[in-house]
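> One structure follows; several queries about it will come next.
Read-outs throughout are calculated quantities, based only on the coordinates presented, and are distinct from any laboratory measurement. Here the structure is a predicted model, which is why all the values come from computation and not from measurement. Note that we place each Cβ from the backbone using ideal geometry, even for glycine, and neighbour counts take in every protein chain shown.
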Amino acid sequence: MPTALITGITGQDGLYLSELLLAKGYDVHGVVRGQNNPKRELVRRLLPDVRLHNGDLTDLSSLMRALRDSRPDEVYNLGAVSFVAYSWENAFVTSDVTAHGVLNVLEAVRLHEDDAGSVRFYQASSSEMFGKVAEVPQHERTLLWPRSPYGVSKVYGHYMTINYRESYGMHASSGILFNHESPRRGPEFVTRKISQAVARIKLGLQDELVLGNLDAQRDWGFAGDYVEAMWLMLQQPVGDDYVIATGETHSIRDFLDIAFAHVGIDDWTPYVRQDPRFMRPAEVDQLVGDASKARDVLGWKPRVSFGDLVAMMVDADLEATQQGW
Ligand code: NAP
Ligand code: G4F
């Protein structure tokens, strides 16, 4: 039975990846931070077969201990301060976790490998690294021009992963994932903020949705499809970098159109107000990825369309709101 260790197991992708690996027969271990993290119970409830280890990306020895105790064949580094807006106000914490945390995991794997042999490593890189995009669509060799402390931190982790591959011959892969969403998406991200609000407006519990920039465009896919690409990368003979995206881009307005129409509201303008509070110091205006390398080498392609993703999220929030979850 192969063994996997996942940082960020309590997050959206950590939960989907755990389910995928358990279904494939893996022994799944996860790193959970904090002395009283409420998400620990969530993982225990949803995934009773996963084994949890205390650890923090900023604490090298805790990661070494998690590796020693789990003895993984594959390590997926999904942990991060992942909210771009938050990263301007907490740039040092973001750098500690999202940048230097990657170095800590790579070091822990390298030192562990000296004793235990080869371990395959996955780094959660991001389309946010493309920032002020140099070309459309973006691919693996597109210039990186990050526009936030989060984006800069991801560039550090990305190049550090490549550096460990080249310096130590490590089987290290970097997935440059474009935005991916699901009913498990954190409520701070725009898609979930919209799907929750649409459900509440439909049910008469809310009458206004306050947003920032409605014109930014994102290449949005379904998280369940994207974790499959992570696994596929680690099944290849050598580590490499892959863009994972749908190849379609949509604005926040497009998302609003479909989400409101799904509950029978054709004109959302009376419900939506823009507030400078939600505008960013620097914006990433348009992201759209070219995932042809992943299609050709990994045989990966997205399954869930943009329209189906929006509908899935709104339906899940309607049910959750009605059930009082
Ligand atoms: P998420 O839901 O925000 O999950 C982030 C995870 O990181 C959580 O489990 C969180 O734990 C953990 N974490 C935060 N600080 C930590 C620390 N100091 N030590 C250990 N763990 C820590 O993010 P996601 O959407 O699943 O994304 C997974 C990864 O992919 C992240 O690295 C993200 O930056 C990257 N990414 C995401 C997307 C996307 O569209 N979703 C696109 C590209 C790249 P707590 O629960 O304790 O907070
Ligand atoms: O949903 P967002 O916060 O996601 P963002 O910034 O694209 O970052 C996500 O995707 C990255 C991949 O490219 C990941 F690496 C990262 O970890 C995260 O998962 O914002 C999307 C867009 C932005 O242009 C933002 O300005 O929506 C715009 N927006 C407009 N109003 C808003 C809001 N975003 C949020 N969060 N809240 C608003 O009220």
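> When the Cα atoms of region 105-185 are enclosed in a convex hull and the volume is divided per residue, what value in Å³ results? Could you put the intermediate results ahead of the total?
Working: hull volume 9.3 nm³, N = 81.
Expressed per residue, the convex hull around the Cα atoms of region 105-185 is 114 Å³.
> Sort out for me the Cα centre separation of region 68-137 from region 187-228, rounded to whole Å.
Spelled out, the Cα-based centre of one part sits 26 Å from the other.
> How do 255, 306 line up, fewest other C-beta atoms within 10 Å first?
Values: 255 23, 306 20.
Ranked by crowding around the Cβ, least crowded first: 306, 255.
> How large is the charge dipole for region 1-140, taken about the Cα centre, if only the Cβ atoms of Lys, Arg (+1) and Asp, Glu (-1) carry charge, to the nearest 20 debye? Write down the numbers at each step before the final one.
Values: 13 positive and 19 negative charges, 86 e Å.
Once rounded to the nearest 20, the dipole reads 420 debye.
> Can you give me the long-range amide H partners of residue 75? Hydrogens built in the peptide plane at 1.01 Å from N, cutoff under 5 Å, separation of 5 or more residues or another chain.
Here 5, 120, 121, 122 satisfy the definition.
> Right, something else. List the pairs from 24/154; 132/301; 193/293; 39/193 whose alpha-carbon separation is above 23 Å, in the order I gave them. Write down the numbers at each step before the final one.
Numbers: 24/154 29 Å; 132/301 26 Å; 193/293 32 Å; 39/193 20 Å.
In this structure, 24/154; 132/301; 193/293 exceed 23 Å between Cα atoms.
> Right, another one. Specify the angular offset, from 0 to 90 degrees and rounded to the nearest 10, of the alpha carbon long axis of helix 252-262 from the longest principal axis of the alpha carbons in the chain.
So the helix axis and the longest Cα principal axis differ by about 70 degrees.
> OK, next. Looking at the chain, send over the antiparallel percent of its DSSP beta bridges, to the nearest 5. Display every interim value, and only then the final one.
Numbers: 2 of 36 bridges.
If I count the DSSP bridges inside the chain, around 5 percent turn out antiparallel.
> In the neighborhood of residue 38, defined by Cβ-to-Cβ distances under 14 Å, what is the net charge if each Lys or Arg adds +1 and each Asp or Glu adds -1? It would help to have the intermediate numbers written out before the result.
Numbers: positive: 33, 39, 40, 44, 45; negative: 41.
Result for the local shell: +4.
> Okay, moving on. For n ≥ 4 DSSP H runs only, could you compute -39500 (n - 2.57) per run for the chain, divide by its residues and tell me the 222 nm figure to the nearest 500? Walk me through the numbers before you get to the answer.
Working: 11 runs with 132 residues, N = 325.
When only DSSP H runs of four or more count, the value is -12500 deg cm²/dmol.
> Separate question: With +1 on each Lys and Arg Cβ and -1 on each Asp and Glu Cβ, and nothing else charged, work out how big the dipole of the chain is about its Cα centre, in Debye to the nearest 20. Write out the running numbers ahead of the final one.
Working: 32 positive and 44 negative charges, 110 e Å.
So the magnitude is around 520 debye.
> Which FRET efficiency value, to the nearest 0.05, is calculated for residue 308 and residue 45 with the Förster distance at 25 angstrom and r the Cβ-Cβ distance?
Working: r = 27 Å, r/R0 = 1.08.
For residue 308 and residue 45, the calculated efficiency is 0.40.
> What size of dipole, in debye to the nearest 20, comes out for region 168-325 about its Cα centre when the only charges are +1 on Lys and Arg C-beta atoms and -1 on Asp and Glu C-beta atoms? Numbers along the way, then the final one.
Details: 15 positive and 24 negative charges, 68 e Å.
With only Lys, Arg, Asp and Glu charged at Cβ, the dipole is about 320 debye.
> Would you mind ranking 9, 201 so that the residue whose beta carbon has the fewest other beta carbons within 10 Å leads the list? Please report the intermediate quantities before stating the final value.
Numbers: 9 28, 201 20.
Least crowded to most crowded, the residues run 201, 9.
> Does region 43-104 come out rounded, prolate or oblate by the C-alpha gyration tensor, with a ≥ b ≥ c the root eigenvalues, rounded set by a/c under 1.5 and, if not, prolate when a/b is larger than b/c and oblate if not? Could you put the intermediate results ahead of the total?
Numbers: a/c = 2.66, a/b = 1.57, b/c = 1.70.
It comes out oblate by the Cα gyration axes.
> With each pseudo-label sitting 7 Å past Cα toward Cβ, what's the residue 282-residue 320 distance in nm, one decimal?
With each label placed 7 Å out from Cα toward Cβ, I get 3.2 nm.
> So what J values fall out for region 203-215 if you push phi through Karplus, 6.51 cos²θ - 1.76 cosθ + 1.60 with θ = phi - 60°, rounded to Hz, Gly and Pro as x?
8, x, 9, 8, 10, 8, 10, 9, 10, x, 6, 8, 9
> Hey, another quick one. On a full-extension model of 0.36 nm per residue, what is the gain between residue 292 and residue 274, subtracting their alpha-carbon distance, rounded to one decimal in nm? List each step's numbers first, then the result.
Details: separation 18, 0.36 × 18 = 6.48 nm, distance 3.64 nm.
Here the answer is 2.8 nm.
> Right, here's the next one. Pull out the extension gain between residue 134 and residue 200, defined as 0.36 nm times the separation in residues minus the alpha carbon to alpha carbon distance; nm, one decimal. Before the final figure, lay out each step's value.
On the way: separation 66, 0.36 × 66 = 23.76 nm, distance 3.91 nm.
Value of the extension gain: 19.8 nm.
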